[in-house]
Every structure is written in C-alpha cells, then in structure tokens.
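Below is one structure, written out as structure tokens, with a few remarks after it.
Please treat every number below as a calculation from the coordinates, not as lab data. All values reported here derive from a predicted model rather than from experimental measurement. All Cβ positions, glycine included, derive from the backbone under ideal geometry; neighbour counts span all protein chains shown.
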Amino acid sequence: MPLRGGGDGSLLPLLGEEASEAAAAVPFQARLPIPRVLSDAHIEIPIREAEAQIFPGRKTKLWTYGGSFPGPTIRRPAGQRTKVTFHHELPASAGELSVHLHGGHNRSRFDGQPGGLTKSQPLSYFCRIPRGLSSRESGNDLLISPGGRKTYAYDLVEDGRPERAAFQWYHDHRLDRTAPHSWRGLAGMWIVDDEFDASLPLPSGKRDIPLMIADRTFDRRNQLTDPFSGQQPPADGIAGRRILVNGAYMPHHEVDARRYRLRILNVSQFRSYNLHLSNGASMVQIGSDSGLMPKPIRRQQILIGPGERVEVIVDFAAAMGETVELRSGRHGGRNPAGARSYVGALMQFRVCLGRPPDRTRIPRRLRPLPTWAAEAKRRAGRKPDHSWEISVGGFFRTTWLINGRTFNPARAEAFPVLGTTETWEFVNRTSVAHVMHIHHNDWYLLSRDGKPPPPWEDCLKETFFVFPGERILIAGHFVDHPGKFVVHCHMFDHEDHGLMSQFEVVKR
Ligand code: C2O
Ligand code: CU
C-alpha cells in the first residue's frame with residue numbers, strides 16, 4: 001500500500017491544487033521570523049484565527065496561539081511557577097481544545113489530556129471509546145470549550161529541584177484532532193533556562209536561535225489544504241510540499257562569522273529531516289529533547305523525527321561573506337516509510353563580513369546523567385517492567401494499535417509507582433517507522449535491538465524513533481505527580497488514528 005505523501009523524501013511534484021503565488025515563491029527571500037518571547041509568571045494567550053503573509057499575494061488563514069505561527073516563545077527560569085491562561089476564541093465549530101507542554105513534567109490535570117467524546121465530537125472513527133464515560137473518566141473536564149479558558153500551572157520543578165533547562169514546545173492535543181489542529185498552526189516554543197546552562201560559555205542572546213521546522217501544503221489561494229479525510233492506517237502519513245521555518249517559507253537569516261546556538265524542533269506531521277550544512281561544516285550537538293547532553297558530539301548529519309529537538313553549535317567563522325544552507329538529505333541508515341527524510345534546503349544563513357570577537361566555547365563536559373539513569377545503565381540487561389507493542393489491525397477500518405488496543409481515555413495500561421525507576425520496551429510490529437513520545441518523564445535509552453545507544457542517544461530524551469521490527473529499551477524515573485499521562489506516536493495522524501495509550505503513576 002503506497003504511503004500517501006510518504007513519498008521518497010524528494011520534493012513532491014507540484015500538482016494542480018497548487019499554483020500561482022505559493023508556486024512562485026522564491027526560496028530564501030523571506031526573513032527568518034523570531035517569535036516574540038514572553039517571560040512573565042502569568043501569561044495570557046488567546047487561541048484565535050489570524051492571517052499571515054507566508055507567500056506573496058493572498059494571506060494565509062491560520063489557527064494560532066496569540067495571533068502568530070509559531071505562537072509566542074515562552075521562556076522561563078527553572079523552578080519558577082508559571083501560569084498560562086489560554087482563551088479559546090476559535091469558532092465554535094473547532095470544538096474543544098487541549099494544550100500540552102511537550103517535555104514538561106506537570107500535574108496530570110495540566111498535562112493537556114486528549115479527553116473523550118463530547119457533544120461536538122460524538123464519535124471517534126479510529127478509537128474505541130466506551131459510551132457513557134463521566135466527564136472525569138474521559139478527561140473532558142480538563143478540556144477548553146469554545147468561548148472558555150483554562151489556566152495551566154507549570155511548576156518547572158522535578159523531584160523537588162528546579163527542572164533541567166530544556167528546549168520544549170506546546171501544541172494542541174485534542175482526541176482525534178491533534179493532526180488538523182496543529183496543521184492549522186497551533187504550536188509554539190518554550191525554553192526553560194537554568195543557572196547551570198547559563199553558566200556555560202555558550203552563545204546566547206541573539207546568537208541563540210530557536211527554529212521550528214514544519215511542512216505544509218497550500219492551495220492556489222495560498223490557503224492550507226485539508227488533507228485529513230480518507231486517511232487510513234498504515235498509509236496515513238501526511239507530508240506537506242512546502243517547508244516553513246518559524247512560519248516563513250524557506251527563509252534566510254543574517255549571522256555574524258562566529259558561533260551560534262541553534263535549537264531545532266521538528267513539528268511536521270510525519271516528515272523527518274536529516275540535517276546538514278551545505279558547506280560541509282559539522283554541527284556540534286550539545287542538547288537533545290531533555291536539554292544538555294553529558295558531552296558534546298560532532299556530527300555531519302542529524303536525523304530528527306516529528307516532536308524531537310536537537311540543540312547544536314554552528315560556527316560560521318570559516319564562512320565569512322558566504323551563504324550556508326541548512327539542508328535535509330537522505331540518511332545512510334534504514335529508510336523505511338516514516339523515516340524517509342526530506343531532501344532539499346530548509347533555510348539559508350547569510351554570513352556577514354567582519355569577524356567580531358567570539359568568547360564562546362564548547363565545554364568538553366556538559367550535564368551528567370542523573371543518578372537514576374546511570375544506575376539503570378548498569379542494569380541494562382534487566383527484563384522490562386512493561387512492554388508496548390505497536391501493530392496495525394482491524395477489518396473494515398484499520399487502526400493503529402498499542403498492545404492490541406486503540407486509545408481509551410478511561411484506561412491505563414501501565415501503573416508505575418512513584419519514586420521508582422522502570423524499564424519499558426517498545427516493539428514495532430509494523431512496516432512503518434514510528435516516533436514514540438512519552439509524556440511527563442525524561443527517559444534514558446538503554447538499547448536498540450540489544451545494542452547500546454549511539455553517542456547522540458546516550459542522553460535523556462522523551463521522543464524516540466522505533467524502526468520497523470525494532471525493539472527499544474528505555475528507563476524512566478517516576479517522581480512528584482501521580483495520575484494519568486499519555487504515550488503515543490508523534491506522527492500526528494498516527495496519534496489520531498489509535499496509536500496512543502496511557503499510563504497511570506500511582507502512590508505506593
Ligand atoms: Cu508533543 Cu503528546 O505530544
Ligand atoms: Cu507512528
């Protein structure tokens with residue numbers, strides 16, 4: 001069965017639905033937008049329709065956090081309680097919303113639960129959800145209704161201490177509709193800072209740039225297409241034809257001939273990117289999903305799947321007066337559906353003449369693994385406490401399955417105990433690669449098919465590729481908050497089509 005839009009990773013041919021302005025747009029013309037930064041202890045964000053000038057001519061209608069795509073970047077010091085009130089000002093037809101802070105460690109009721117069936121969403125095509133669940137059982141009491149609002153409280157604390165600094169993001173998480181909601185623009189970045197990270201001699205200020213990569217398809221009126229109907233597993237991966245970085249079509253950015261810290265996030269529905277620089281320079285990876293890694297790693301290319309983040313240091317010193325493209329290409333490893341990376345340029349850096357002094361450097365050691373992870377590493381051979389098996393099934397309508405089931409908000413599959421470290425395995429019994437994301441915790445990858453992790457996965461993460469036929473083993477430590485949290489594939493269509501489950505952290 002051909003994967004729609006899965007393609008071979010190359011630029012898909014421009015079909016009839018796209019013409020005029022979007023097709024005429026010139027790469028590297030737009031300036032890279034840097035989303036505005038909000039850093040107050042209490043932030044108000046309206047969720048509303050807005051228009052953006054992405055291509056020449058007609059503006060594009062979007063659903064936004066705060067009027068822009070990406071939404072404002074929220075930047076807060078670790079350990080300081082942060083409240084964000086989201087006001088649902090989209091048309092009533094949008095139904096309920098839910099906001100998830102991806103990478104956060106928060107109370108279950110502020111985690112952005114998907115919820116269940118409601119008046120505006122009376123049935124689910126892909127998930128078997130029992131009828132008559134109370135609003136508490138289904139999590140509907142945690143959703144934001146049209147015209148309503150909800151205040152999420154984020155403590156930025158983990159295990160009694162300020163959380164580790166990390167590059168996170170927030171996005172919609174509503175049952176069955178996460179894919180279309182995010183496609184329309186509901187995503188924003190979030191940076192947690194801490195003293196340790198700030199004490200390192202790394203580039204900062206305007207030389208610390210967050211980059212949100214998204215792919216989208218537009219019609220001849222410059223409007224986002226609606227590719228979501230008629231999608232069915234296992235051929236339900238949507239790939240957009242146009243690359244947006246921070247909401248702009250293949251933009252450019254002027255940089256000095258010195259070091260930069262790039263925080264790169266892939267918010268695409270399905271596409272992965274195998275990042276490299278056009279001048280052959282290497283990137284030094286210093287961070288992953290969960291902040292700084294134990295040590296920096298020099299890399300020529302970096303594969304990044306939906307939901308994943310990498311932080312890299314790029315030194316433009318040798319490229320003075322030149323242009324350098326951030327590109328994506330094929331990767332040398334396995335290229336199954338789901339992991340065929342985009343081929344082409346994403347954006348361009350224009351390196352200015354002159355070389356201002358650069359006092360930054362990359363320390364040899366960054367942040368050590370926490371003790372629980374180091375300990376789990378020593379006991380890597382242990383039997384997993386829980387296994388999550390991904391398959392595809394069904395007869396008239398196929399769905400993605402975890403342990404033979406689709407998502408049911410009232411049911412948890414695993415019950416880890418507060419204060420303990422567990423080992424979980426994910427097994428992919430499908431022919432499509434998936435990117436599994438576990439809410440609430442950071443995890444340490446113990447092995448892939450029994451082999452120890454490559455250096456760039458020898459760190460804390462919460463979003464992991466699982467290739468067809470592969471088995472990964474990860475360890476996580478449960479602290480602070482009892483309650484339910486979801487685990488799912490971060491390919492949004494897969495998540496909406498059954499590839500989501502739940503665990504409940506319980507008190508001993
Ligand atoms: Cu960014 Cu549940 O996901
Ligand atoms: Cu998937």
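Structure notes:
- The alpha carbon centroids of the range 390-416 and the range 323-358 are separated by 36 Å.
- The fewest-to-most ranking of C352, C489 by surrounding Cβ atoms within 10 Å reads C352, C489.
- Ellipticity at 222 nm from helices only: DSSP H runs of n ≥ 4 in the chain, each -39500 (n - 2.57), divided by the residue count, give -1500 deg cm²/dmol.
- Cut-off 11 Å between beta-carbons: net charge of the residues surrounding Y444, Lys and Arg +1, Asp and Glu -1: -3
- The alpha carbon centroids of the range 457-508 and the range 81-134 are separated by 18 Å.
- In order along the range 186-199, the Karplus-derived 3J(HN,Hα) couplings, from 6.51 cos²θ - 1.76 cosθ + 1.60 at θ = phi - 60°, round to 7, 7, x, 9, 9, 10, 9, 9, 9, 5, 4, 4, 5, 7 Hz, and Gly and Pro are given as x.
- Computed from label points 7 Å out along Cα-Cβ, the spacing between Q53 and L418 is 5.3 nm.
- Label separation (S431 vs D480): 4.3 nm, computed from points 7 Å beyond Cα along the C-beta direction.
- Once the Cα gyration tensor of the range 205-351 is diagonalised, semi-axes √(5λ) in Å: 27, 18, 13
- Summing charges over neighbours of T151, with a neighbour being any other residue whose Cβ is under 12 Å away from its Cβ, gives +4 when K and R count +1 and D and E count -1.
- With all pairs of different C-alpha atoms in the average, the Kirkwood value for the hydrodynamic radius of the range 371-505 is 15.0 Å.
- Over all projection directions, the Cα-based convex hull of the range 234-275 averages an area of 4.1 nm².
- Stretching R31 away from A374 to a fully extended chain increases their span by 119.1 nm, per 0.36 nm per residue minus the current alpha-carbon distance.
- Unit charges at the beta carbon, dipole of the chain: most positive-side option, H88, S391, L265: L265
- Here r is the Cβ-Cβ distance between L133 and R107 and R0 is 25 Å; the resulting FRET efficiency, rounded to 0.05, is 0.75.
- In this structure, the amide hydrogen of I47, modeled 1.01 Å from its nitrogen in the peptide plane, lies closer than 5 angstrom to those of G66, H87, H88, E89, counting only residues at least 5 positions away or on a different chain.
- For the range 274-330, diffusion coefficient by Stokes-Einstein and Kirkwood Rh (Cα), 20 °C, 1.002 mPa s, µm²/s: 178
- Violating pairs (Cα-Cα greater than 25 angstrom) within the set K61/K484; K295/K383; K150/K484; K83/K295; K119/K484; K451/K484: K61/K484; K295/K383; K83/K295; K451/K484
- Cα gyration tensor category, rounded, prolate or oblate, for the range 31-194 with a/c compared to 1.5: oblate
- Per the Debye formula on identical point scatterers at the alpha carbon atoms of the range 446-508, with no solvent, log10 I(q)/I(0) at q = 0.13, 0.16, 0.21, 0.26 Å⁻¹ is -0.48, -0.71, -1.06, -1.18.
- Computed over the Cα atoms of the range 332-427, pair by distinct pair, the Kirkwood hydrodynamic radius stands at 19.7 angstrom.
- For the chain, the Cα gyration tensor yields ellipsoid semi-axes of 31, 28, 23 Å (square root of five times each eigenvalue, largest first, whole Å).
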